[in-house]
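K.L.:
Just dropping this structure here.
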Amino acid sequence: MRALVISDMHFGAWTGDPVLAQPGGLDALEPALDGVDELVLLGDVFDFLFSSVEHAFEQAEPFFELVQRCMRGGRVVFTAGNHDHHIVVRAVRTAVEEKVVTGAYPREPRPGFFERFLERRLEGVETRMVYPYYRVGDVLLAHGHYLDAHLGGSLPNRLQARATRTVGGLNGHRGLTEEDYEAVIVPLTELLFTVAQMPRGCAVQMAFHEQFGRVGKVLRLASHLPHRRHEAPDLLAAFEQVVGNLGWKADKIVFAHTHQSLDGIERDGVRYWNTGCWIDEPGGGRPGTAVLVDSDREAPELLQLLPQPADAAAA
């Protein structure tokens, strides 16, 4: 069983340049799909916070064309991150609306718009949507956006800190549940999502970001941009708190979200990998990385698929 794990393409984002919207990025990814049984899209495939839904899907079209061609007969698994979290919200709302109409929750959830998109666009490919984590053998995979609640200075951290002070029985950020994390994420992501979907919404975001310090600061704090101000050990420590709070049991864990790749860093008997990103942005990490999970190998492997300028010059 061979699974390739990629994340953080951010199709549609005005905050950077999505690499897999370009022929060079797709050419770099294609060989890695050869012989893969499963492709895991570990969140932030789309950037609905800084793009309209329509534009994000349009920009992602060449990527899904490649996936459909290379993964026919295989499987694609999608789990949402914070920038495409609206897909999860829509699924919950659909179930609630069904109860309003029929008087009961559906016994089996109806396919949402994204599941129907995958069925249409990836004909011949088995597709599955999971959240908030997935397992490939003994390896646990999660996007990792809950870690923002433990990063000092981030807006989720500030909101979570205030919330925990009002909830009895919680000691700081220990003991948080999935519902606690979601309670912080949903208001932030849905606010930015709503603005981005309005006519000229992204243009307004860009203007505020450039010209109005206070609102621009909110945009930075609510997105992935705070990770530029944190080193990998701080980010990993924050994610470790999430793993502990949610009781995720695994000695090999792959996460994403930070745009900073990791290759098997060991902490307290657990090894961590990070998939990095596929978006080129000012101050961001090196794009073009993935993690290969192979049942015939002892541990996952970090792959640098996109040649870097220094690598190209050396060649």
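K.L.:
What is the list of residues in the stretch 226-270 whose amide nitrogen lies under 14 Å from a point 7 angstrom out from the Cα of residue 304, following Cα to Cβ?
P.N.:
261-263
K.L.:
How big is the gap, in Å, between the Cα center of the stretch 245-310 and the Cα center of the stretch 37-62?
P.N.:
Cα centroid of the stretch 245-310 versus Cα centroid of the stretch 37-62: 19 Å apart.
K.L.:
With labels modelled as points extended 7 Å from the Cα through the Cβ direction, what inter-label distance (nm, one decimal) is found for residue 2 paired with residue 197?
P.N.:
4.0 nm
K.L.:
While we're here: Find the Rg to Rh ratio for the stretch 1-106, where Rh is the Kirkwood radius over alpha-carbon pairs and Rg uses the same atoms.
P.N.:
My calculation puts Rg/Rh at 1.06.
K.L.:
While we're here: Which distance in nm do the two modelled labels at residue 182 and residue 104 give, with both placed 7 Å along the Cα-to-Cβ direction?
P.N.:
Taking the two extended label points, one gets 2.2 nm.
Laboratory data are not the source of any read-out in this text; all were calculated from the coordinates shown. These numbers were taken from a predicted model, which means no experiment stands behind them. Every residue, glycine among them, receives a Cβ derived from its backbone with ideal geometry; neighbour counts consider all protein chains shown.
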